[in-house]
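As structure tokens, the structure follows; a few thoughts come after it.
The values are calculated or read from the model by the stated rules, or taken from the named source; none is laboratory data. Being a predicted model, the structure only gives us computed values, none of them experimental. Here the Cβ positions follow ideal geometry from the backbone for every residue, glycine too, while neighbour counts run over all protein chains shown.
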Amino acid sequence: MVPAQGLPGGGHQVPSAHYSTAPPPQAQQPRHAYPASQKKGTLNPGQEVKVGAQIVIVDRYLSEGGYAHVYLTHSRNPIGPNNLTTHCLKRIGFREEQAPDMLKDVKREIDVMKTLSIAKGPVGKDGKSEEGCKWIVEYLDSSVNRSPTGGWEVFILMEFCAGGGIIDLLNKRLRDRLKEVEILNIFIDICEAVAFMHHLPQPLLHRDLKVGRHLRPAAGRFRRA
């Protein structure tokens, strides 16, 4: 995503592939999912990680993309406005010589996610406007620290969408193809997320709309990661 006129100060994943300013970001490396039994990533199951004000426990490695590893985590205490105890943790690690550019990118990504999490949505029939957008994956917390082994380590904690992505849905429906109404509903979900960003006081443009960035909770509609 990119601000229409610059983002005021402050990725369902990866050097700011989701949110960035000009020049356009380079193509993100494809993600690869691995079986839970296969050791991948740098965090171990059962390991506690401090992310901002939150303490989360790593359950298992999920996937990778670019500079990022993604993990399934849980917490003893509910986190966020929706009281989530299961979440998705993205870890981005990079060397000291990469810090000038990478820190700028990841901080921009975090700032945009924060902006989307507190931005007011459209006014409902009750005359009230909720914070955040139900068509965008919920941001929970983040931290940027020097790594104990050298370099930098960035953690971004987000809502975990257990329903998987559009590709997962298509693979499950190889014989029973999606119906027209299902396709239209997915398209509507994407349009709602994009419209929400376009109608912010400081509009945001998304330059990386693709199938892999749309995820779904265990129950409900697709959300933009």
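Just a few scattered comments:
- Restricting segment 142-164 to residues that are polar (S, T, N, Q) and within 21 Å of Asp105 (Cα to Cα), the residue that is farthest from the chain's Cα centre (by Cα) is Ser147.
- Answer from Val181, Val123 - the residue that is farther than 20 Å from Gly66 by Cβ, at pLDDT below 90 and among the β-branched types (Val, Ile, Thr): Val123
- Long-range neighbours under 8 Å by Cβ, at least six apart or interchain, first residue closer than 14 Å to Cys133 by Cβ within segment 197-222, second modelled with pLDDT under 80 and among the hydroxyl-bearing types (Ser, Thr, Tyr): Leu204/Tyr19
- Of the numbered criteria (1) assigned to a loop (DSSP other than H, G, I, E, B); (2) at pLDDT below 90; (3) at negative phi, the one Leu169 fails is (1).
- The set of residues in segment 200-214 that are within 19 Å of Asp168 (Cα to Cα) and loosely packed, with under 13 Cβ neighbours inside 10 Å comprises Leu209, Lys210, Val211.
- Residue satisfying all of: in segment 152-166; of a type outside the set (A, V, I, L, M, F, W, C) and modelled with pLDDT under 90; surrounded by the most Cβ atoms within 10 Å (Cβ to Cβ) among these: Gly165
- For segment 130-160, a residue qualifies if it is closer than 20 Å to Leu43 by Cα, of a type in the set (Val, Ile, Thr) and either touching a strand residue (DSSP E or B) at 6+ places or on another chain (Cβ under 8 Å) or in a strand (DSSP E or B) (or both), and the qualifying residues are Val144, Val154, Ile156.
- Of the residues making up segment 71-114, those that are under 13 Å from the mean Cα position of the chain (by Cα) and under 18 Å from Ile136 (Cα atoms) are His87, Cys88, Leu89, Lys90, Glu109, Ile110, Asp111, Val112, Met113, Lys114.
- Among the residues listed as Gly212, Gly163, the single one being of a type in the set (Gly, Ala, Ser), in a helix (DSSP H, G or I) and under 30 Å from Ile55 (Cβ atoms): Gly212
- Qualifying positions in segment 173-199 - of a type outside the set (A, V, I, L, M, F, W, C) and either loosely packed, with under 12 Cβ neighbours inside 10 Å or part of a strand (DSSP E or B) (or both): Arg175, Asp176, Arg177, Lys179, Glu180
- Some residue of segment 102-119 being modelled with pLDDT under 80, in contact with a helix residue (DSSP H, G or I) (Cβ under 7 Å, 6 or more places away or on another chain), farther than 19 Å from Glu153 by Cβ and not in a helix (DSSP H, G or I): no
- Single residue of segment 50-109 satisfying the filter (under 21 Å from Gly150 (Cα atoms), in contact with an Asp or Glu (Cβ under 8 Å, 6 or more places away or on another chain) and small (Gly, Ala, Ser)) that is surrounded by the fewest Cβ atoms within 10 Å (Cβ to Cβ): Gly52
- Screening Gly41 with (1) at pLDDT 50 or above; (2) in contact with a strand residue (DSSP E or B) (Cβ under 6 Å, 6 or more places away or on another chain); (3) within 28 Å of Lys134 (Cβ to Cβ) gives one miss only, at (3).
- The condition of being over 13 Å from the mean Cα position of the chain (by Cα), within 30 Å of Asp101 (Cα to Cα), among the charged types (D, E, K, R) and not in a strand (DSSP E or B) does not hold for Arg221.
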